[in-house]
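The structure appears below as C-alpha cells.
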Amino acid sequence: MPDPECLIRFDNNPYGVYLAGQTLAGQVELRLTEVLSIVGISLQLDGHTEIEWSEVMESTVAGQTGRKTTRYYAQKTLLNSSSFLCGSSAGPVRELAIGTHTYHFSCELPSHLPTAFEGYHARIRYLARVAVHRSKRRSSGGGGGGITDRIGQTSFTVLRPLNLNELDGTVLALPAKSELTKVFCCGPCSSEPLYISAQIPRCGYIPGQTIVMKIDAINRSRTRVHEFRIKLMQKLSYTSQHPTVASRTDALVVAESRCSGVTSGEVIKHQQNLLIPALPPTYTDGVPIFSINYELEVEARVTGPNISPRLSMPITIGTIALETAAPKEILKPLNKPSWDPFGAQHYTDIIGTRIIPHPLSNGAAAARRSQMSLDEQNGGGTPVGATNVRLHYVVHRDAPDNH
C-alpha cells in the first residue's frame, strides 16, 4: 500500500517563521487514493542542537605511522512535543476513505528556544513530522504490536528575541575602547613604538545598524602600516560530549571594512562605518554545547616579516535596539598614550574636512582643523555635505641645533 500524500501548512505563515513563545498553528492534509487502515495519526514537533567535527591525529605504532580520525559530537533536545491528530497509538483500527482529510493542530512554543542556525559544525533545527500508526497483523509465531510510518515532514524557523535593554542596557550603551603599543624587533634592534587605539560609541547593536569606529594611530617606528582592516567576527564555540569532552572555536568574518594605513613618522585619525548584516543574536545560555559571540577586530597590516598587530572589542548582537544612549559627557576624547607622541616634534595639518560649497554662496567654504578633534569642531557631527573625515598629520623631527 503506497503512503498517502501529506501536506503540512502553517496558518497565515507560509514561510513558517515564529518567535519563541508564540503559538504555532496549522493543518495537516492527507490525500488518499485508496482506503487507509490506521490506528492513529500523530504530529511530532522536534527541536535540537547538534554539533560535530573531526580531528585527524598521526600516531606511530611498532615503527609504522598511521592516522586516526576522531569524531566529536553532541546533541541537545530543545523541543519534543507529540500529539495525535486522529486516534491513538494503541486504539481500535479505523479506515480512512478515499479523498482529502484535514486535521488542525496548535502548539505554544517555549520562550527559551534559541534562534535557528545552520553552520558547518553546528545546527539548530526545528521540524514538524507526521506519522501514521498501523496495527501489526498477527501471524503464526508472531506477536502483536504496532507499526509507525513517517509520511511527511517540514521545517520551521524559530527566532528568539534578544532585547538589549533587558540584558544590561546601561553597560551596552557605554563606549568601548581598545589600544595597543607595538615595538617591532627586540634588543638593540628594537624600534620606537607604534600606537593604535580604537573606540566605538556603544557595545550593543542589532542587524541593520552601523558601527562607527574611530581609529587613532601614531607611528614612531620604522615599519609602515599599509592598511587597517576592521572586521566583525562571529565566534562559534562548541563543546562535545562524545567520545570525550572537548572544545573548539571557529572565528568567521561576517563584515569587513578597510582604510589606508600609517607610514613611519605619521599620525592619523580614521572614522570607519561598518554595516551589520543579518545575523543570529548572541547566544550564551549557561554552559551550552554551542554558543555564538561577536567581537570587533582591528588589524594593522604591516610590511615585511613582522606580525600584524591586532586589537579587539567584544560586542553584543540583539534583535531589539537600545532605547537609551550614553550621555555625551561620557564620550570623552581618546586619551594620549603614556609617552608623548609630539615630544620634540612639530606637526602640520595637511588634510582637514572639506565642505561642499552651498549653491547660494559666492565662494567655496573650507575648514582646516589642527589640534582639535572632529567632534569638538563640529559639535558632535560632520557638517551636512562634508567629505573626507580623516585628519592626517605629517610629523617632522626637529633638526639638531649645531650652533
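The values are calculated or read from the model by the stated rules, or taken from the named source; none is laboratory data. Just so we're clear, the structure is a prediction, and the values are computed from it rather than from any experiment. In this analysis, Cβ positions are derived from the backbone assuming ideal geometry, glycine residues included, and neighbour counts consider all displayed protein chains. Ligands, DNA and RNA are stripped out before the accessible areas are found, and what is left, the full protein with its side chains, is counted by its heavy atoms. Shrake-Rupley method; radii C 1.70, N 1.55, O 1.52, S 1.80 Å.
Scan the range 295-317 for residues that are closer than 17 Å to L162 by Cβ and out of contact with any Pro (no Cβ under 7 Å at 6 or more places or on another chain) and jot them down.
Of everything in the range 295-317, those that are closer than 17 Å to L162 by Cβ and out of contact with any Pro (no Cβ under 7 Å at 6 or more places or on another chain) turn out to be P314, I315, T316.
Please specify each residue of the range 196-211 satisfying the condition of being under 17 Å from K269 (Cα atoms) and open to solvent by 40 Å² or more (accessible area, probe 1.4 Å).
P201
Residues F84, F105, F117: which one is in contact with a Pro (Cβ under 8 Å, 6 or more places away or on another chain) and not aliphatic (A, V, I, L, M)?
When all the criteria are applied, what remains is F117.
With respect to the numbered conditions (1) free of Cβ contacts under 8 Å to residues at least 40 places away in the same chain; (2) among the charged types (D, E, K, R); (3) open to solvent by less than 70 Å² (accessible area, probe 1.4 Å), which one is the sole condition not fulfilled by K214?
Tallying (1) free of Cβ contacts under 8 Å to residues at least 40 places away in the same chain; (2) among the charged types (D, E, K, R); (3) open to solvent by less than 70 Å² (accessible area, probe 1.4 Å), K214 fails exactly one: (1).
Only one of R129, R125 is among the basic types (K, R), open to solvent by 60 Å² or more (accessible area, probe 1.4 Å) and at pLDDT 95 or above. Can you tell me which?
That would be R125, the only listed residue that is among the basic types (K, R), open to solvent by 60 Å² or more (accessible area, probe 1.4 Å) and at pLDDT 95 or above.
When you check S59 against the structure, is it exposed (fewer than 11 other Cβ atoms within 10 Å of the Cβ), more than 25 Å from F10 (Cβ to Cβ) and touching a Phe, Trp or Tyr at 6+ places or on another chain (Cβ under 9 Å), yes or no?
no
Please give the number of the condition S106 fails out of (1) in contact (Cβ under 8 Å) with a residue 60 or more places away in the chain; (2) of a type in the set (S, T, N, Q); (3) not in a strand (DSSP E or B).
Among (1) in contact (Cβ under 8 Å) with a residue 60 or more places away in the chain; (2) of a type in the set (S, T, N, Q); (3) not in a strand (DSSP E or B), S106 violates only (3).
For E34, are the conditions met, namely being under 33 Å from the mean Cα position of the chain (by Cα) and charged (D, E, K, R)?
No.
Within the range 284-301, how many residues are surrounded by 14 or more Cβ atoms within 10 Å (Cβ to Cβ) and modelled with pLDDT under 90?
So the answer is 1.
It is to be established whether one or more residues within the range 209-219 are over 30 Å from T77 (Cα atoms), in contact with a Lys or Arg (Cβ under 8 Å, 6 or more places away or on another chain) and of a type in the set (S, T, Y).
No, there is no match, as no residue in the range 209-219 is over 30 Å from T77 (Cα atoms), in contact with a Lys or Arg (Cβ under 8 Å, 6 or more places away or on another chain) and of a type in the set (S, T, Y).
Being more than 26 Å from E95 (Cα to Cα), in a strand (DSSP E or B) and either touching a helix residue (DSSP H, G or I) at 6+ places or on another chain (Cβ under 8 Å) or open to solvent by 30 Å² or more (accessible area, probe 1.4 Å) (or both) is the filter here, so list the residues in the range 4-35 that pass it.
The answer is V17, L19, T23.
Filter the range 102-121 down to residues that are open to solvent by less than 30 Å² (accessible area, probe 1.4 Å) and among the aromatic types (F, W, Y) and give me whichever is nearest to the chain's Cα centre (by Cα).
Ranking the qualifying residues of the range 102-121, first place goes to F117.
Could you check A90 against (1) loosely packed, with under 14 Cβ neighbours inside 10 Å; (2) modelled with pLDDT of 90 or more; (3) of a type outside the set (D, E, K, R); (4) in a loop (DSSP other than H, G, I, E, B) and say which number it fails?
Unmet for A90, out of (1) loosely packed, with under 14 Cβ neighbours inside 10 Å; (2) modelled with pLDDT of 90 or more; (3) of a type outside the set (D, E, K, R); (4) in a loop (DSSP other than H, G, I, E, B): (2).
Those residues that are in contact with a Pro (Cβ under 9 Å, 6 or more places away or on another chain) and under 22 Å from K76 (Cβ atoms), I need them from the range 256-287; list them, please.
L279, P280, P281, Y283, D285
If I go through the range 221-249 residue by residue, how many of them are in contact (Cβ under 8 Å) with a residue 12 or more places away in the chain, in contact with a Ser or Thr (Cβ under 8 Å, 6 or more places away or on another chain) and open to solvent by 30 Å² or more (accessible area, probe 1.4 Å)?
Going through the range 221-249 one residue at a time, the tally reaches 11.
Considering the range 302-314 alone, what residues qualify as being out of contact with any Ser or Thr (no Cβ under 9 Å at 6 or more places or on another chain), more than 25 Å from K235 (Cβ to Cβ) and open to solvent by less than 70 Å² (accessible area, probe 1.4 Å)?
Across the range 302-314, there are no qualifying residues.
Mind listing just one residue for me: the one in the range 259-278 that is under 23 Å from the mean Cα position of the chain (by Cα) and closer than 11 Å to I215 by Cβ and, of those, surrounded by the most Cβ atoms within 10 Å (Cβ to Cβ)?
Ranking the candidates gives Q272 first.
Right, Y72: touching a Leu at 6+ places or on another chain (Cβ under 6 Å), in a strand (DSSP E or B), of a type in the set (S, T, Y) and surrounded by 14 or more Cβ atoms within 10 Å (Cβ to Cβ) or not?
Judged against the criteria, Y72 is not a match.
For the range 253-268, what are the residues that are more than 15 Å from R229 (Cβ to Cβ) and at pLDDT 95 or above?
Scanning the range 253-268 gives no hits.
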